[in-house]
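What follows draws every value from the coordinates through simple rules; no lab data is involved. Computed from a predicted structure; not experimentally measured.
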Amino acid sequence: MLSTSKIEHDFDDLVSKMEEMDTRHNWDPNVQDAKIIKEFNDDGVFAYMKTKKVAVVSSRDQYLFIHRRTTSTCPQFPGKRVYILACKSKNLSAYPETPNCVRAQTLISGTMIVEEEPGKL
């Protein structure tokens, strides 16, 4: 599925907010808890995310490998800064299922943010 939108927002500020897992619940109304478990390098993290319970639908949680990068060499968008975020969930025995929560699974998910011109996405 592809969803696009143009917004007037500072590129660096938006990228910074997307990478702040500990405060994600402040701007994402679906998230109850999110935190980075381990950082692998500048581009990769292992993280935990739990969504809020909605009506009769239980909370969902998952552990995710997240790869993120900002580049200005994306051939589809020459000369523009592009933020790429890709993630995949992974069930590991070291992180058992949480009581009263359904373990979610993300096979693959991604987000791409393109700076159309300075300050505009």
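Structure values in brief
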read-out: Cα Rg, Dmax (largest Cα-Cα span) when computed across the chain, Å; value: 15.8, 48
read-out: Between the stretch 17-68 and the stretch 1-15, the alpha-carbon center distance in angstrom; value: 19 Å
